1. In segment 101-132, which residue that is of a type in the set (Val, Ile, Thr) and under 19 Å from Tyr158 (Cα atoms) is surrounded by the fewest Cβ atoms within 10 Å (Cβ to Cβ)?
2. Can you spot a residue in segment 181-202 that is open to solvent by less than 40 Å² (accessible area, probe 1.4 Å), over 28 Å from the mean Cα position of the chain (by Cα), modelled with pLDDT under 90 and aromatic (Phe, Trp, Tyr)?
3. Of the conditions (1) farther than 30 Å from Pro671 by Cβ; (2) surrounded by 18 or more Cβ atoms within 10 Å (Cβ to Cβ), Gly596 fails just one. Which one is it?
4. Just the residues that are out of contact with any helix residue (DSSP H, G or I) (no Cβ under 7 Å at 6 or more places or on another chain) and open to solvent by less than 70 Å² (accessible area, probe 1.4 Å), please, taken from segment 784-793.
5. Identify all residues within segment 158-177 that are of a type in the set (A, V, I, L, M) and open to solvent by 50 Å² or more (accessible area, probe 1.4 Å); write none if there are none.
6. Here's a check for you: in segment 665-697, which residue that is at pLDDT 90 or above and under 14 Å from Met491 (Cα atoms) is surrounded by the fewest Cβ atoms within 10 Å (Cβ to Cβ)?
7. Suppose we keep only residues that are in contact with a Gly (Cβ under 9 Å, 6 or more places away or on another chain) and among the aliphatic types (A, V, I, L, M) within segment 450-481. Which one would you say is modelled with the lowest pLDDT?
Amino acid sequence: MESLVQDVRYALRTLARNPGLTLAAVLTLGLGIGANTAMFGVVDRLFFRPPAHVVDPDRVVRVNVTTTMPPYGTFTGGIGTYPRYTDFRDHARSWSGVAAYGPATFSLGLGERAEQVRAEMATASFFPLLGVHPALGRFFASDEDRVGAGSHVAVLSYEFWKRHFGENRGVLGTPLPLGRSVYTVIGVAPQMFSGVDLWVPDVWVPLTVAAPEVMGSDVLGPRTFWLGGVIARVRPGIALADAAAEGTAIYRSVYIQTGDSTATVSLGTVHDGLASGTSGGAKLPLWLAAVSAIVLLIACANVANLLLARAVQRRREIAVRLALGATRGRLFRQMLAESAVIAVAGGAVALLVTLWDGPILRISFLGASAAASPALDLRILAFAAVAVLATAVLAGSAPAYQASTPDLSSELKSGEREGRFQASKTRTGLLVGQVALTLVLLMGAGLFVSSLRRVDSLRLGFDPDRLIMASVNLQALGYKRPAIDALYERMRDRVQHLPGVTGASLAVGTPFGSSAAVGLTVPGRDSLPRVKDGGPYIAAVTPDYFHTMGTALRRGRVFGASDDVGAQRVVIVNETMARLYWPGDDAIGKCVKLGGPRSPCREIVGIVEDARRGSVTDEVVVQYFIPLAQTDSVMTWPVSALLVRTAGPSDALVGAVRREVQATSADLPYPTIDPMPRRFAWQLRPWRLGSAILSVFGGLGLVLAAIGLYGVLSYVVSQRTQEIGVRIALGAAAGDVRRLVMAQTLRVVGIGVLLGTLAALAAGRVIASQLYGVTPHDPVVLSVAVMIMVAVAALASYLPARRATKVDPMVALRYD
């Protein structure tokens, strides 16, 4: 122990004599370790950390069903209907409990003071299955969660209780107006409890009570497929495969008449499905974790090279100590102690980095609810400690080994005067590794940036900029279609007179909103083409819809005021529908029938450009439009959205639109009003996150590689001072000296670029699924990455080379 303390003290004194090198090494490792620690917080929550307050989470599983739906393919998802959940609940013997849950959005209060709350509808078995205990009050019981006879009770999340009620313990019994009903608060969940998902709801309400109010009276029937969240607790001693087999048998025996005889039930861990709700799914955070590890390797190589250069400068000192009786093991420990001190100091810097970028990464990947979790906890600190230890070994082993094994005879004979250049395979290998790893980062950043540019440049079939979409959930308050349509019409009248508004229209079915399909037949066609995206999808719109949306008319005309209830029924189709349904013919003037072959003809009067429906990368969407005034009995759905076109930036008018909408009626619930780009921003987030973080990490790796090249080459130039002086004295020109010095670095860079290119091509194939519109081996991206790497390396080597040309031969010959 005493020798260890001496080694640390000696390391501190030695490092203090080289503050510049020490500071550079500490900051380098701090950034590398900090990036890894912050990314670990994301990966840990997605794949390793057990859900908060859940007892024995290894026995809790998610219940999914895999079904085949010709011609669309095979799909894996939730069980679908509430009766299927009750079948599992009543017949599964391998499961000690089963629970169902699903998300919902409620308006808390009405009018101008209304606010939106996120709820989770859950069965009464949800809380007991997870083994969670309330922080205050109780959870709802089975008699409060009965079909047709339940109770309007609510359990608050701890965070909502703190935010909305100021942690008032007298909240029990408080009425909570949610949607059309008033719920009574009966309990508060423990802090940070989120069930088995990432997001923390504001409230939990009984599923059988709330679901019919939110989605209609038939939502608990066998034909409404909406139930995605079902969890079960497998009994101790029962294998998951056996429990899944029992679930499959139950599912098939009950629903064989519906065509589900080949369906298979699968049981996943509580972590399965978490990443599907994140930005980019599971692959993106895993890849970025790998990228942060590459940055740490570059940092370790950089510090190792700095320590190697300093160790070579101290080789005579080390040789003298060995000659005086010091053991090689003791010298190795002392050199490793220096690396450990630097790594510990870098770890302290890393914690500061984690406090800063950890919350940013967690919010980016895990959502806003993750902001409440601490930036540092015992698991993250433990990971940081392991990273510090690994860094100390990685960065310090090679310098410590080389410094502790000198050739005593040559070093003691050399004296202080050393004119020869000594190449180091270790140092060269570290430089090659830095260049190769940096090129991999640059290539990854380039691929994600190219993907983002291509996605951003996609034409969506409408102009999302300067477009606002407003919707109000009036059905949850019991409004019927005529009243809903009338309220939306009044909203449009108020909004379209706002300064800065150039158009306003109403629609049933909108891009990145609700979609609907109605049976459609084409006279003379026995069957219609099918596409993977389904459809054809229908939308009912007011005449000014296409102007408001910015959708281009290809042929024919758009709807007009004369297309009312008493006029000839008309329809507008998109380009894909016109091409697939009437190949080689003009769709204008053709007849389509909605609702069956006995329905009246609707004449196609226009063809508009294709519009993306639910995904910005949709390839084929079949869609058609009818006038809102001519829906007749074909569409029973009310108006679902008010669309507003603005003259300036849409963000500036969101507040004004909200005020006008809420002022329409004092009984309106909280309206959802967003600029249209916000409706699909979550789809672009994987590419934005990938390009931003990879660009930052790539830039960091590039800076570290440049510092490493510059530092090592500066050392080499100082080591070859006498040689360079002799060359200049013998008539070597400045250009010859520059080429001599730079050639060595560029040879190393060339090898690193070659190895990095091979590694980047291999890694690119793995991340191909994360890319869009660009191949993993895109030659342009690779060429740009190589040029950036070579240019930075050339600059890093030019500065020492330029200094070498300034060597005075007389001074160099006297150089010690």
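1. Let us first name the residues in segment 101-132 that are of a type in the set (Val, Ile, Thr), namely 105, 117, 123, 132.
Going one step further and asking which of them are under 19 Å from Tyr158 (Cα atoms), we end up with 105, 117, 132.
Numbers: Thr105: 17, Val117: 23, Val132: 19.
Checking each candidate, the answer is Thr105.
2. Among the residues of segment 181-202, not one is open to solvent by less than 40 Å² (accessible area, probe 1.4 Å), over 28 Å from the mean Cα position of the chain (by Cα), modelled with pLDDT under 90 and aromatic (Phe, Trp, Tyr), which makes the answer no.
3. In the conditions (1) farther than 30 Å from Pro671 by Cβ; (2) surrounded by 18 or more Cβ atoms within 10 Å (Cβ to Cβ), Gly596 misses (2) alone.
4. Within segment 784-793, the subset out of contact with any helix residue (DSSP H, G or I) (no Cβ under 7 Å at 6 or more places or on another chain) is 787, 791.
Once the filter is applied, which keeps residues that are out of contact with any helix residue (DSSP H, G or I) (no Cβ under 7 Å at 6 or more places or on another chain) and open to solvent by less than 70 Å² (accessible area, probe 1.4 Å), segment 784-793 yields only Ala791.
5. Restricting attention to segment 158-177, the residues satisfying the condition of being of a type in the set (A, V, I, L, M) are 171-172, 176.
Selection gives Leu172 alone.
6. Thr672
7. Ala476
To keep it simple, each residue is scored yes or no on (1) of a type outside the set (Val, Ile, Thr); (2) closer than 24 Å to Val295 by Cα; (3) at pLDDT below 75.
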| position | (1), (2), (3) |
| --- | --- |
| Thr14 | no, no, yes |
| Ile33 | no, yes, no |
| Val43 | no, yes, no |
| Met69 | yes, no, yes |
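The values are calculated or read from the model by the stated rules, or taken from the named source; none is laboratory data. Computed from a predicted model, the values in this text were never measured in an experiment. For neighbour counting, all protein chains shown are included, and Cβ atoms are generated from backbone atoms with ideal geometry for every residue, glycine included. For accessibility, only protein heavy atoms count, side chains too; no ligands or nucleic acids. Shrake-Rupley method; radii C 1.70, N 1.55, O 1.52, S 1.80 Å.
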